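Nothing in this text is a laboratory measurement; each read-out follows from the coordinates by a stated rule. Being a predicted model, the structure only gives us computed values, none of them experimental. Positions of Cβ are generated from backbone atoms using ideal geometry, with glycine treated the same way; all protein chains shown enter the neighbour counts.
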Amino acid sequence: MESESLLQLSQDLGNFFENEKNYDMIIKAGSDDDIEEFKVHSIILRARSSYFCAAFSKNWIQKENEYITFTKPNVSPKVFGFILKYFYTGKLEFNNYEPVDLLLILVAADEMNIEGIVKYLLQHLIDNYQGFLSKDPLRILQTVLLHEACSLLKDYCFDYICEIPNLLFDSEDFISLDKEILLILLKRNVLFMDEIEIWNYLIKWSVAQVTPALDIEDISNWSSNDFTSVKDWMSDFIPLIRWLEISPVDFKRYVIPLEKVLSKDLFMEIIYTDTSKCITGNISRIDPDESDRAILYNRKFGPSFGGAPNLALTNNQVYCYNSNSYPGSESFISVGLTEMANYEVFQIIEIKNH
């Protein structure tokens, strides 16, 4: 009998709200082109919400003619309508709302201290977050990232994306993803994806931030500024990439063509930490007593002597791991890159690593 009475009360108050009779308050929710006025009863809001009790006591409201007026521009009409219906009926019906709308309801309810909504809606989202993420991963992640009310849900969402990253990375909206989300995923260090895939997706995202016109499939047309811009966007990601987990084949195919995105020091560190990523060799010595001297030839400066006991050859380019300045050449070779077109190295002996 009691449950039937409560159900009837809920229905009657719901009708009271829908019919907009005898109202004494007008609430304007939303902003810009998405604004709606709700005609409500202040006594219901006082009884059901500590937030509105405070609004009345602190003079957050105004009065125009015979009606109390209140504005809530940071809450959309769709979200505010859900909250008002809860005030009048006590019902929580989630099925007709998109996942992002439910998150925004959670955020608004948390701000307005509506514990009855927050408690049950948060549990509903946790129980169903996998299905929600499958529908709209980008918007959900960006919403939970921005709002403290979603902090508990955030861990569930990021853990799930780490397990099934293609939900997000293969999304049509991937290039619109907030950089902070990518950093969070990489820092968790449990992203279930090959490291070379991570590199390729990060390059794709970074290129898109520079300009949509930049062709990632034809970097031969990239300018120095293009490489610099992509390098800037990649800078925060680079320390989080596990370089040693990239195979030599993938490194030569996908990383070396874009090596200008890396600092020269980092590139040298990678190939000398894992020599399988390049061809290594020793250069012939001029004098056995001068073991750190070797012959190099530069078309502009002619033959020159210098300290370069270790060289790395890859992608038709010479890399010196540790070299001194060369007399008369204005340091034409140093730690870093030297084009084979400009420098010839005599008697390089390939060393096979076992």
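Can you compute the radius of gyration and Dmax for region 194-262, using only the Cα atoms, both in Å?
Every Cα atom of region 194-262 included, Rg and Dmax give 11.4, 32 Å.
Modelling each spin label as a point 7 Å along the Cα-to-Cβ direction, I'd like the ILE43/ASP194 distance in nm, to one decimal.
Taking the two extended label points, one gets 7.0 nm.
Which value results for Rg/Rh of region 38-182 when Rg is the Cα radius of gyration and Rh the Kirkwood radius based on the inverse mean 1/r?
1.05
Test of understanding: extend the Cα→C-beta vector of ASP218 to 7 Å, then name every residue of region 232-263 with backbone N under 20 Å from that spot.
Taking a point 7 Å out along Cα→Cβ of ASP218, the residues of region 232-263 whose backbone N falls under 20 Å are 254, 257-259.
Figure the gain on full extension for SER134 and LYS179 (residue separation times 0.36 nm, minus the Cα-Cα span) and round it to one decimal in nm.
That works out to 14.2 nm of additional length.
Just to be sure I understand the model, the point goes 7 Å from the Cα along the line to the Cβ. What's the resulting ASP236 to ASP24 distance in nm?
With each label point 7 Å from Cα toward Cβ, the separation is 5.1 nm.
In sequence order, what are the phi-derived ³J(HN,Hα) couplings for region 224-234 according to the Karplus relation 6.51 cos²θ - 1.76 cosθ + 1.60 with θ = phi - 60°, rounded to whole Hz, with x for glycine and proline?
4, 5, 4, 4, 5, 5, 5, 4, 4, 5, 7
Counting Lys +1, Arg +1, Asp -1, Glu -1, what net charge surrounds ILE83 among other residues with beta carbon under 14 Å of its beta carbon?
-1
How far is it, in nm, from the label point at ALA54 to the one at ASP34 when both lie 7 Å from their Cα along the line to the Cβ?
Here the answer is 2.5 nm between the modelled labels.
Can you work out the Karplus-derived ³J(HN,Hα) for every residue in region 248-263? Use 6.51 cos²θ - 1.76 cosθ + 1.60 with θ = phi - 60°, whole Hz, and x for glycine or proline.
Going residue by residue, I get x, 4, 5, 4, 5, 7, 10, 8, 4, x, 10, 4, 5, 6, 9, 6 Hz, with x marking Gly and Pro.
At a 10 Å Cβ-Cβ cut-off, how would you order GLU98, GLU93, fewest neighbours first?
GLU93, GLU98
If you plug each phi of region 156-163 into the Karplus form 6.51 cos²θ - 1.76 cosθ + 1.60 with θ = phi - 60°, what whole-Hz ³J(HN,Hα) values come out, in order, with x for Gly and Pro?
Listing the rounded values in order: 4, 5, 5, 4, 5, 5, 4, 6 Hz.
Which residues' amide hydrogens lie under 5 Å from the amide hydrogen of THR71, considering only partners 5 or more residues apart or on another chain, with H built in the peptide plane?
LYS28
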